[in-house]
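Below is one structure, written out as structure tokens, with a few remarks after it.
The values are calculated or read from the model by the stated rules, or taken from the named source; none is laboratory data. None of these values were measured; they are calculated from a predicted model. Cβ coordinates were reconstructed from backbone atoms using ideal geometry, including for glycine residues, and neighbour counts include every protein chain displayed. In case anyone asks, the SASA skips ligands and DNA or RNA and just uses the protein heavy atoms, side chains included. Shrake-Rupley method; radii C 1.70, N 1.55, O 1.52, S 1.80 Å.
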Amino acid sequence: MLNSIIDIVKKAGEIYRSAGSDLGITDKGSAVNLVTKYDKMIQDFLFSELEKAVPGCSFFGEEGDGNKVLTDGLCFIIDPIDGTTNFIKGYQHSAISVALAKDKKIIIGVVYDPDLDNLFYAQEGKGAYLNGKPIHVSDCSIEKSLVLFGTCPYEHELAHKTFELTEKIFYKAIEVRRGGSAALDICYVASGKADLYYEMILRPWDWAGAYLILKEAGGAASTFDASPLDANKIDSFVCGNKKVLAEFYALLQS
Ligand code: IPD
Ligand code: CA
Ligand code: CA
């Protein structure tokens, strides 16, 4: 099943790369929450191809008014383009993210960066890979960390808290980065390209695919209050190795 999902996600990457100058941009109720015709095209493509590969499965995708609940049985959680603003600007840092859950537990995660042709994937109990090579989280503490964070771009009321926390962390870590794709942020932590990532609000399709990759790479993720993640909730998100996570929780209390 993993190989068929990978083939389909890579084909979806061809749709992403075929984008011309007319992206068909519209907003989703706010001037900073944008969507393109490619987000919709890729989601439709994934739904129809994955349905053929896994008959009887259900779907939970970012775009449209369809089902946004993780159900029992086999259920895909999909973000057709994570990093839509980057895609619109040609910043070349976005991902197609697919998770497959069985009875609400994620068993497969595939995150594809179509600009760099980087394919991150994992299957429960079988390790995590980037382009076929095993990946692992780092063992850095905050002071040796490259830290990634998200700005909750669609919840401006969280900006002050986000930047306050990031300033604190900036003085403790080596450096901070704001990449613009939560799925890639998590995969970068999974592969030791970075060491810690957090965002005050994340939606399940932003993290679901990358979460299994992170877990299989030896990392951990939770909400800010160290509770387990729930794909039927919109909540805060933090991930890293266990040591850096403990330091992050302590910093939140300080
Ligand atoms: C967004 C990106 C961004 C994160 C936002 C997400 P989208 O997803 O992952 O990095 O900061 O919270 O909503 O809207 O580009 O799919
Ligand atoms: Ca997203
Ligand atoms: Ca998206």
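Note on the chain: GNM, Cα springs under 10 Å; of Leu130, Leu100, Leu165, the largest mean-square fluctuation is that of Leu165. Only helical DSSP H runs with n ≥ 4 go in: add -39500 (n - 2.57) per run for the chain, normalise by residue count and round the 222 nm mean residue ellipticity to 500 deg cm²/dmol. For the chain, the value works out to -10500 deg cm²/dmol.
With a 1.4 Å probe and all protein chains left in place, how much accessible area per residue does segment 167-245 have, in Å²?
For segment 167-245, the per-residue accessible area is 36 Å².
Report the relative contact order of segment 65-131, percent, no decimals, based on alpha-carbon pairs under 8 angstrom and at least 6 residues apart.
The value is 24 percent.
Share of the chain's accessible area from carbon and sulfur, percent, 1.4 Å?
Of all accessible area on the chain, carbon and sulfur atoms account for 52 percent.
Axis of helix 242-253 versus longest Cα principal axis of the chain: the two differ by about 70°, to the nearest ten degrees. Placing +1 on each Lys and Arg Cβ and -1 on each Asp and Glu Cβ, with no other charges, gives segment 1-132 a dipole about its Cα centre of roughly 180 debye. The string of couplings for segment 131-138 from the Karplus curve (6.51, -1.76, 1.60, θ = phi - 60°) is 6, x, 9, x, 10, 9, 6, 7 Hz, one whole number per residue in order, with x for Gly and Pro.
With all protein chains in place and ligands, DNA and RNA left out, the 1.4 Å accessible area ranks Glu164, Glu216 as Glu164, Glu216, largest first. For the chain, relative contact order (Cα pairs under 8 Å, six or more residues apart, normalised by length) works out to 17 percent.
Result for the chain in a Gaussian network model with C-alpha springs under 10 Å: among Glu155, Glu63, Glu143, the largest mean-square fluctuation is at Glu155. Put simply, the amide H of Ser138, placed in the peptide plane, has neighbours under 5 Å in Gly192, leaving out anything fewer than 5 places away on its chain. For segment 1-89, the Cα-based Rg and Dmax, in that order, read 13.6, 40 Å. Phi angles across segment 94-102 convert, under the Karplus curve 6.51 cos²θ - 1.76 cosθ + 1.60 with θ = phi - 60°, into 3J(HN,Hα) values of 9, 8, 9, 10, 10, 10, 10, 10, 10 Hz, Gly and Pro given as x. Cross-link pairs exceeding 26 Å in C-alpha to C-alpha distance, out of Lys40/Lys133; Lys102/Lys144; Lys40/Lys161; Lys68/Lys102, comprise Lys40/Lys133; Lys102/Lys144; Lys40/Lys161. In order along segment 78-85, phi translates into HN-Hα couplings of 10, 10, x, 9, 9, x, 4, 5 Hz, rounded to whole numbers, per the Karplus curve 6.51 cos²θ - 1.76 cosθ + 1.60 with θ = phi - 60° and x for Gly and Pro. How many angstrom lie between the C-alpha centres of segment 138-183 and segment 26-48? Between the Cα centres of segment 138-183 and segment 26-48 lies a distance of 26 Å. Counting only protein chain heavy atoms and rolling a 1.4 Å probe, the accessible areas of Glu157, Glu199 rank, largest first, as Glu157, Glu199.
Protein chains only, probe 1.4 Å: how do Ser227, Ser97 rank by accessible area, largest first?
Ser227, Ser97
Heavy-atom accessible area for Met1, with the other protein chains in place and a 1.4 Å probe, reaches approximately 100 Å². Here each label is just a point 7 Å from Cα along the line to Cβ, and for Gln253 and Asp22 those points are 5.8 nm apart.
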